Amino acid sequence: MTALRKQLVLVGNGMAGVRALEHLLKLAPEAYEITIFGAEPYPNYNRIMLSSVLAGGTSLDEIVINDLEWYRSFNIKLYTGHTVTAIDTKERKVHTDKGITAHYDELILATGSNPFMLPLPGAEKEGVIAFRDIKDTQIMQEVSQKYSKAVVIGGGLLGLEAARGLLHLGMEVSVVHIHDYIMERQLDEAAAVMLRKELEAQGMKFLLKKQSEAILGKKRVKGLLFADGETAEADLIVMAVGIKPNVELARTSGIAVNRGILVNDYMETNLPGIYAVGECAEHRGIAYGLVAPLYEQGAVLAKRLAGVPTEGYAGSVTSTKLKVSGVDVFSAGQFTEMDGTKSLRYQDETEGVYKKLVIRDEKLVGAVLFGDTSDGAELFSLIKKGENIKGREKELLLGISPDALASPKGNRLEGMPDDEIICGCNGVTKGTIAEAITSGGCTSVGQIKACTKASASCGGCKPLVEGLLQLYAGEAAVTVKEGICGCTTLGRDEIVAEIKRMKLMTVKEVMNVLNWSHEEGCAKCRPSLNYYLGMLWPAEYVDENESRFTNERYHANIQKDGTYSVVPRIYGGVTSPAELIKIAEVAVKFDVPLVKFTGGQRLDLLGVKKEDLPKMWEELDMPSGHAYGKTLRTVKTCVGSTYCRFGTQDAIGMGIRLEQAFERLNAPGKVKLAVSGCPRNCAEATIKDFGVVAIDGGWELHIGGNGGINVRATDLLCVVKTDDEVMEWASAFLQYYRENAGWNERTAQWVERVGLDSIKQALESREERLALQERIRHTLSLTTDPWKQIVNTPELRKNFEPILSPETV
């Protein structure tokens with residue numbers, strides 16, 4: 001069979017191209033041998049979620065749509081970090097910047113788009129960037145560690161999301177917009193003003209009706225000059241003023257382009273065997289930038305390549321349903337008033353809700369929703385159908401239809417057309433979900449999510465998905481709480497209970513016995529199961545390295561340029577001149593470009609090559625600081641009574657004791673501790689997972705704090721008198737957290753979920769505390785330092801040796 005397969009090459013590893021392949025693999029799984037070239041060094045990820053990554057609410061791993069295992073499972077050859085530089089259209093070959101040549105029978109161009117950079121004087125200065133990919137996101141995160149003032153040019157969606165992320169990273173953020181109100185393409189002025197006020201309340205500043213003139217500074221940006229002569233200080237300028245299709249490869253290869261790569265209704269270019277899809281394609285004069293049209297194009301292309309009849313792509317009617325800095329907004333059609341139109345408005349500034357309908361000739365022609373967008377899909381459907389709404393105007397405005405309320409819940413959804421987008425994040429239509437239920441046998445929201453990706457990203461469409469499930473599955477619909485991922489309907493507690501009851505010992509065994517829907521699991525369930533098995537069977541279970549994320553596999557944090565950072569363990573943040581000299585000598589020997597103090601009082605050696613990691617660890621001869629995993633990170637301390645005149649207890653000694661006791665501890669989420677020597681709390685113990693604050697004659701023990709994106713002050717667990725009691729309570733709390741929290745659930749979320757009282761009750765008995773302490777001691781006694789293990793094991797060291805050939809799967 002393999003010899004008969006055609007060669008299919010995809011240039012671009014983004015959402016549109018890979019979605020087309022997903023469809024194709026379902027329609028004709030044996031038809032092609034597939035090769036993908038992606039310029040970024042990552043598997044296919046959800047670009048829409050970059051703003052969540054920037055804001056710190058989501059990790060890079062969590063926005064990956066298809067991990068490397070997916071490519072392997074379909075025998076797809078993936079070249080990451082390769083830019084295709086030329087297409088030989090006569091010989092049907094593509095060439096990359098790293099010397100790879102690949103033959104194709106069919107070629108898909110999905111090169112996406114490039115950010116538009118304003119041609120301002122000084123735009124080349126350091127600190128002027130776009131917001132388009134993971135690299136931009138990482139630069140912004142890095143800059144926020146060093147600088148404080150950011151200016152975002154562009155008050156559209158992307159600009160506001162960038163501004164919100166930077167705000168959460170602790171920067172002062174000003175948004176510069178050329179118009180007199182923001183998001184003018186999606187909102188009318190009333191909604192835009194409400195949004196601006198909401199964002200101002202979050203800390204964002206706005207400079208409206210401002211024309212950028214020049215970027216100030218020498219090598220690095222210092223500010224932005226406006227046409228009116230005013231200036232704004234800036235350490236970072238993010239341009240978010242639009243995108244343009246990436247057509248350069250097509251243009252230089254003789255493929256017809258205009259604004260985008262010109263395609264017909266079947267996504268075919270002017271050259272045989274070459275197709276274009278996504279933001280780079282121009283269809284009937286339109287180059288789309290929203291995800292839904294791109295997915296519709298991909299579905300058509302997949303059918304074409306699979307030989308399945310298709311009517312072709314006829315263009316998309318789009319609406320906009322977005323979440324801007326936590327606020328839901330929706331708009332569709334002609335939402336500004338014009339001659340011959342009349343409008344209805346509902347505005348409640350106390351609840352933050354605004355609704356507006358624009359009507360012409362008794363038909364709905366446009367709508368804006370702010371704060372409550374639940375009726376967006378129905379209104380968009382009415383706009384597209386051009387239905388007469390006379391007599392229903394107020395009901396539609398208020399979103400309450402007496403008929404609908406009196407009818408079964410699904411009736412409003414029943415009238416919705418099949419091509420209506422339900423999940424805007426992943427471009428999933430009502431028809432796709434209906435088919436997944438009626439033909440695919442999905443009977444739960446979790447199964448629909450796994451099958452179609454609907455509600456798999458922001459989750460805002462989940463109520464609609466639930467409604468469609470009730471509509472099409474009827475009594476067969478299973479109302480269950482969602483499983484830990486789309487591979488199972490089982491929740492964390494059920495899985496752990498079954499592992500214990502049946503004494504399941506491997507990830508594979510758990511998946512088989514508990515009827516996982518996907519044989520190999522996914523990026524969410526595999527690490528979860530790996531943790532639960534290790535927590536339950538610390539002596540017997542063999543940790544699955546392949547079920548861990550990259551940082552945990554290599555015991556170092558991968559950086560944006562593919563290098564790693566090394567953070568050796570420094571107990572309590574206390575080091576010595578000799579240790580500092582050793583670290584410095586190692587840094588010099590391995591040409592470390594940057595050594596930085598972390599927020600947790602540790603030294604971070606940044607820019608280390610993967611192949612140098614074992615040699616560096618060997619030279620350092622220090623324990624791993626575990627700055628990369630869901631483990632104990634640091635115990636931050638102040639100088640306490642040892643030197644501080646206000647100190648009442650030995651904070652340094654207590655911190656070192658805690659760190660030495662719990663280093664190498666695997667936990668559901670990363671764990672940070674701190675010890676302050678007096679209530680002045682210089683070690684910031686009250687925003688840590690477990691914080692210790694000295695008082696006269698004892699210690700306050702605090703739990704569930706978080707200093708990240710969602711700051712949470714700790715809850716006071718108890719007050720104890722002795723150091724041994726601190727260790728007893730800390731051990732009991734951490735082990736109880738390990739045994740009861742869900743994987744990837746930090747203590748702050750866990751305490752909020754289960755309640756402080758339940759934790760106090762669980763730890764109330766000293767007998768129980770000692771039992772928990774014994775279990776955590778036993779677990780820790782079985783751990784070894786991963787750096788030393790790798791240094792001393794030749795087989796493990798081989799994993800760090802450089803790969804001479806391009807990374808493919």
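General remarks:
- Inclusion of L770 among residues that are touching a strand residue (DSSP E or B) at 6+ places or on another chain (Cβ under 7 Å), under 25 Å from G655 (Cα atoms) and free of Cβ contacts under 8 Å to residues at least 60 places away in the same chain is not warranted.
- Test for L716: is it open to solvent by less than 10 Å² (accessible area, probe 1.4 Å) and either under 30 Å from G491 (Cα atoms) or more than 32 Å from the chain's Cα centre (by Cα) (or both): no
- Looking across the stretch 1-35 at every residue that is closer than 15 Å to V64 by Cα and among the charged types (D, E, K, R), the one that is surrounded by the fewest Cβ atoms within 10 Å (Cβ to Cβ) is identified as E22.
- Matching residues, the stretch 1-33, being at pLDDT below 95, under 27 Å from the mean Cα position of the chain (by Cα) and part of a loop (DSSP other than H, G, I, E, B): G14
- The selection criterion, being under 23 Å from R548 (Cα atoms) and crowded, with 17+ Cβ neighbours inside 10 Å, holds for T563.
- Residue match in the stretch 499-520 (condition: open to solvent by less than 50 Å² (accessible area, probe 1.4 Å) and either aromatic (F, W, Y) or at pLDDT below 85 (or both)): yes
- In the stretch 310-330, the residues that are open to solvent by 20 Å² or more (accessible area, probe 1.4 Å) reach residues that are assigned to a loop (DSSP other than H, G, I, E, B) and modelled with pLDDT under 65 with C-beta atoms within less than 9 angstrom, at least six apart or across chains, in these pairs: K321/G460; K323/C458; K323/G460; D328/G460.
- For first residues located in the stretch 499-515 and touching a residue at least 60 places away in the same chain (Cβ under 8 Å) and within 20 Å of E739 (Cα to Cα), partners that are open to solvent by less than 70 Å² (accessible area, probe 1.4 Å) and in a helix (DSSP H, G or I) and lie 6+ apart or on another chain with Cβ distances below 6 Å do not occur.
- I36 meets all of the listed conditions (1) in a strand (DSSP E or B); (2) touching a Cys at 6+ places or on another chain (Cβ under 9 Å) but one, namely (2).
- Considering the conditions (1) out of contact with any helix residue (DSSP H, G or I) (no Cβ under 6 Å at 6 or more places or on another chain); (2) in contact (Cβ under 8 Å) with a residue 40 or more places away in the chain, D689 is excluded by exactly one of them, (1).
- Inter-residue pairs, beta-carbon under 6 Å, first of a type in the set (D, E, K, R) and in the stretch 280-302, second at pLDDT 90 or above, 6+ apart: E282/N258; E282/R259; E282/G260; E282/L262
- Flag for D67 being closer than 29 Å to N545 by Cβ and touching a residue at least 12 places away in the same chain (Cβ under 8 Å): yes
- Test: residue in the stretch 414-427 that is of a type in the set (D, E), modelled with pLDDT of 80 or more and open to solvent by 20 Å² or more (accessible area, probe 1.4 Å): yes
- When residues of the stretch 625-671 are limited to those that are in a strand (DSSP E or B) and out of contact with any Leu (no Cβ under 8 Å at 6 or more places or on another chain), the one surrounded by the fewest Cβ atoms within 10 Å (Cβ to Cβ): N666
- Enumeration of residues in the stretch 514-526 that are assigned to a helix (DSSP H, G or I) and under 16 Å from G491 (Cβ atoms): C525
- Complete set of residues in the stretch 742-789 that are touching a Ser or Thr at 6+ places or on another chain (Cβ under 8 Å) and closer than 28 Å to Y564 by Cβ: W743, N744, D785, P786, W787
- The set of residues from the stretch 343-358 being assigned to a strand (DSSP E or B) and either within 18 Å of V327 (Cβ to Cβ) or open to solvent by 80 Å² or more (accessible area, probe 1.4 Å) (or both) comprises R345, Y346, Q347, D348, V353, Y354, K355, K356.
- Only residues that are within 26 Å of the chain's Cα centre (by Cα) and in a loop (DSSP other than H, G, I, E, B) were counted across the stretch 528-547, and they come to 2.
- Test for S59: is it open to solvent by less than 50 Å² (accessible area, probe 1.4 Å) and among the polar types (S, T, N, Q): yes
- Within the stretch 451-460, restricting attention to residues that are open to solvent by less than 50 Å² (accessible area, probe 1.4 Å) and at pLDDT below 75, the residue that is nearest to the chain's Cα centre (by Cα) is S457.
- Whichever residue in the stretch 528-547 is touching a residue at least 60 places away in the same chain (Cβ under 8 Å) and closer than 17 Å to N744 by Cα and, among such residues, is surrounded by the fewest Cβ atoms within 10 Å (Cβ to Cβ): G534
- Condition met for E475 (among the charged types (D, E, K, R) and modelled with pLDDT of 75 or more): yes
- Subset of the stretch 190-220 that is surrounded by 15 or more Cβ atoms within 10 Å (Cβ to Cβ) and acidic (D, E) - its residue that is nearest to V128 (Cα to Cα): E213
- Residues located in the stretch 553-611, provided they are in a loop (DSSP other than H, G, I, E, B), under 30 Å from D543 (Cβ atoms) and of a type in the set (G, A, S): A556, G562, G599, G600
- Whichever residue in the stretch 89-111 is touching a residue at least 40 places away in the same chain (Cβ under 8 Å) and open to solvent by 20 Å² or more (accessible area, probe 1.4 Å) and, among such residues, is farthest from A28 (Cα to Cα): K98
The values are calculated or read from the model by the stated rules, or taken from the named source; none is laboratory data. Everything numeric here is computed off the predicted structure, so don't read it as measured data. So basically every Cβ, Gly included, is an ideal-geometry build from the backbone, and we count neighbours across all protein chains shown. When the accessible area is computed, the model is the full protein with side chains, heavy atoms only, and any ligands, DNA or RNA have been set aside. Shrake-Rupley method; radii C 1.70, N 1.55, O 1.52, S 1.80 Å.
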